[in-house]
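Student: Quick one: the structure is below, and I'll ask about it shortly.
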Amino acid sequence: MNNNNISDYCPNKIGRTYSIAGDLELQVNVTSNPYDIPLDQLFAMAARINKKRSFLFVSKVLGKHIPVQPYVSLLSGVSLALMLQQTLHGEVAEDLLPLAIQGMTEPLQAEAAYKEIMSHRLSLPQSVAFIGFAETATAIGHAVFQTFGHNGSYIHTTREVIDGLPSIISFSEEHSHAVAHYCYALDANLLTEADLVVLVDDEITTGKTSLNIIRDMQGKFPKKAYYVLALLDWRTEKDQEQFRKLELELDISIHVISLIKGEVEVRGSSESIPRQDHTRLQAANQSDCIDFIYVDQLFRHVPPAANERPYLRDSGRFGLTPEDCQQSDQAVTQAAELLKQSRIGTATLCVGTGEFMYLPMRIAAEMGEGVVYQSTTRSPIHCIDREDYAVQVGYPYPAPEDPDVTYFLYNIKEGQYDDLYLFMEREVDRAAMQPLLEILLTRGLKQIHIVIFSPQTTAWKEHPTWQTGVLGQ
């Protein structure tokens, strides 16, 4: 990826051309970078396997496709929270926002910065419902919400269809590989009683997803004001005009807050890029290096309790209040203390699964030095083994929860880590885990820990191969 830099920062505009792959190029013109963040510290580029959108900003702070120091990712959400606080209050402790930006861009400073900021726990002048977009922004949306001490609530959208629960919001993400979004609040008052709504996304390209959810919400939970937080905002003037039109149509105000703002221009396409040959990996017979650890007794689950594989109440998928956070924070610390005792090396990777990102990220952050975090994803991306390309290796596998859905695991090279913790919200059939485990067994890991947050079912309690332990007993 040859980058033609005009400059790292100038008051008016940064122009940069990213030669991504083949004839696919992206011209990026940054018009606002108020904290002078070098672009290379926020993202790299890759090519999507998607006819609707050919390019992907691969975040270096999100904890999705690229492993990150977990406090860095948490601070990306905290930074957006501080910017929101500044907008709503007109003021914020003058040293907190620079501290968050410094920690986000300098990993060695991230933990101290996060703990200092979180010791303040900001206040909100009115009641706010925070909504994080699945799957990529579920964690940073949660991190934004957690930065505030009271007057807020949080829920994230989901692409999962959950039987027995009605979706109180339904909208589409038109460019995505998985278009439909749902929202399963156990208590609809979370949205009904909020004075304003804050939507959190990692990136806004056209803004259509935000407009779609606002239109659906306004017919069910009408508000006068909406805020959209994003790390990157690439809307053109034409895209911004669509926001103004919706404001006039619905008699509302929509405010967009981002770390970086600009426009992009695409040249070429990704269709000519050769697809990676995903031949089946041959795993060595090392099943004795896999263990299954249950942490279900530390966390709350969604009723009915009779469900052997319940969803996690603390994930954010069903709605959270500040009162929920105290119990969740305690559970995170207990889980981290217990899990780090099983670490066997100095280089550890923690992997969230799909939308289940925030709690694994928080646990990873408290597991000691040498721990990095990333997540599996539904996003199909061209993998190119080139040093200056963002996604160098990747492997698809059928989702253990739903074999009709393909997930991907990116940028885990052989021999890169001593051990790996894979965090799963719900237990699944062990046969369904096999394709993913076979991938992990080729990565040269000394130990693979499968951490499960739902109760252990009877079918799993007697198995001749896998080791099983339960934390919290």
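The values are calculated or read from the model by the stated rules, or taken from the named source; none is laboratory data. No experiment lies behind these values; they were computed from the predicted model shown. Note: ideal-geometry Cβ built from the backbone for every residue, glycine included; neighbour counts use all protein chains shown. The accessibility values were calculated without ligands, DNA or RNA, using every heavy atom of the protein model including side chains. Shrake-Rupley method; radii C 1.70, N 1.55, O 1.52, S 1.80 Å.
Student: Given the criteria farther than 15 Å from Q146 by Cβ, at pLDDT 95 or above and open to solvent by 80 Å² or more (accessible area, probe 1.4 Å), does L99 qualify? Don't jump to the end; show me each part of the working.
Tutor: On the way: farther than 15 Å from Q146 by Cβ: yes; at pLDDT 95 or above: yes; open to solvent by 80 Å² or more (accessible area, probe 1.4 Å): no.
For L99, the condition - farther than 15 Å from Q146 by Cβ, at pLDDT 95 or above and open to solvent by 80 Å² or more (accessible area, probe 1.4 Å) - is not met.
Student: For the range 347-364, name all the residues that are open to solvent by 10 Å² or more (accessible area, probe 1.4 Å) and more than 22 Å from E160 (Cβ to Cβ).
Tutor: Residue satisfying the conditions is A347 alone.
Student: Follow-up question, since we're still on this one. Hey, could you check the range 307-363 for residues that are assigned to a loop (DSSP other than H, G, I, E, B) and of a type in the set (K, R) and say which is farthest from A134 (Cα to Cα)?
Tutor: If we filter the range 307-363 for residues that are assigned to a loop (DSSP other than H, G, I, E, B), which is where we start, we get 307-311, 316-319, 321, 341-347, 354-355, 357.
Then keep just the ones that are of a type in the set (K, R); that gives 309, 317, 343.
Numbers: R309: 21, R317: 10, R343: 30 Å.
It comes out as R343.
Student: For the range 228-243, what are the residues that are surrounded by 22 or more Cβ atoms within 10 Å (Cβ to Cβ) and either in contact with a helix residue (DSSP H, G or I) (Cβ under 7 Å, 6 or more places away or on another chain) or of a type in the set (A, V, I, L, M) (or both)? I'd like the intermediate steps shown before the answer.
Tutor: Filtering the range 228-243 for residues surrounded by 22 or more Cβ atoms within 10 Å (Cβ to Cβ) gives 228-235.
Listed by number, the residues that qualify are V228, L229, A230, L231, L232.
Student: Of the residues that make up the range 62-79, is at least one under 21 Å from the mean Cα position of the chain (by Cα), of a type in the set (G, A, S) and either within 22 Å of Y395 (Cβ to Cβ) or outside any helix (DSSP H, G or I) (or both)?
Tutor: Applying the first criterion (under 21 Å from the mean Cα position of the chain (by Cα)) to the range 62-79 yields 62-79.
Then drop every residue that is not of a type in the set (G, A, S), which leaves 63, 73, 76-77, 79.
From what is left, the residues that are either within 22 Å of Y395 (Cβ to Cβ) or outside any helix (DSSP H, G or I) (or both) are 63.
Yes, because at least one residue in the range 62-79 is under 21 Å from the mean Cα position of the chain (by Cα), of a type in the set (G, A, S) and either within 22 Å of Y395 (Cβ to Cβ) or outside any helix (DSSP H, G or I) (or both).
Student: Restricting to the range 364-403, count the residues that are part of a loop (DSSP other than H, G, I, E, B) and more than 15 Å from the chain's Cα centre (by Cα). Give the derivation first.
Tutor: Taking the range 364-403 first, the residues part of a loop (DSSP other than H, G, I, E, B) are 366-370, 376, 378-380, 382-393, 400-401.
Going one step further and asking which of them are more than 15 Å from the chain's Cα centre (by Cα), we end up with 366-370, 380, 382-393, 400-401.
Of the residues in the range 364-403, 20 are part of a loop (DSSP other than H, G, I, E, B) and more than 15 Å from the chain's Cα centre (by Cα).
Student: May I ask you to say which residue of G90, G63 is open to solvent by less than 30 Å² (accessible area, probe 1.4 Å) and on the phi > 0 side of the Ramachandran plot? Can you show your working first?
Tutor: Values: G90 fails: open to solvent by less than 30 Å² (accessible area, probe 1.4 Å).
On inspection, the qualifying residue turns out to be G63.
Student: Now, a different point. Please give the number of the condition S7 fails out of (1) in a loop (DSSP other than H, G, I, E, B); (2) at pLDDT 95 or above.
Tutor: Tallying (1) in a loop (DSSP other than H, G, I, E, B); (2) at pLDDT 95 or above, S7 fails exactly one: (2).
Student: Any idea how many residues of the range 111-142 are under 18 Å from V92 (Cβ atoms), touching a Phe, Trp or Tyr at 6+ places or on another chain (Cβ under 7 Å) and part of a helix (DSSP H, G or I)?
Tutor: Total satisfying the criteria: 1.
Student: Right, something else. Taking the residues in the range 404-424 that are without any contact (Cβ under 8 Å) to a residue 40 or more places away in the chain, part of a loop (DSSP other than H, G, I, E, B) and out of contact with any Ser or Thr (no Cβ under 7 Å at 6 or more places or on another chain) as candidates, determine which candidate is surrounded by the fewest Cβ atoms within 10 Å (Cβ to Cβ).
Tutor: Out of the qualifying residues, it is G415.
Student: Any chance the range 430-437 includes a residue that's at pLDDT 95 or above, outside any helix (DSSP H, G or I) and open to solvent by less than 20 Å² (accessible area, probe 1.4 Å)?
Tutor: No, the range 430-437 has no match at all.
Student: Hey, does the range 190-207 have a residue that's modelled with pLDDT under 90 and surrounded by 15 or more Cβ atoms within 10 Å (Cβ to Cβ)?
Tutor: Quick first cut of the range 190-207, residues modelled with pLDDT under 90 only: none.
No: zero hits.
Student: Pick from the range 139-155 the residues that are more than 13 Å from the chain's Cα centre (by Cα) and small (G, A, S): which of them is farthest from A129 (Cα to Cα)?
Tutor: Of all residues in the range 139-155, those more than 13 Å from the chain's Cα centre (by Cα) come to 145-155.
If we keep only those that are small (G, A, S) too, we end up with 149, 152-153.
On the way: G149: 13, G152: 6, S153: 5 Å.
Only one residue tops the list, namely G149.
Student: While we're on this one: Let me spell it out: the conditions are (1) part of a loop (DSSP other than H, G, I, E, B); (2) without any contact (Cβ under 8 Å) to a residue 40 or more places away in the chain, and E427 meets all of them except one. Which number is the exception?
Tutor: Among (1) part of a loop (DSSP other than H, G, I, E, B); (2) without any contact (Cβ under 8 Å) to a residue 40 or more places away in the chain, the lone unmet condition for E427 is (2).
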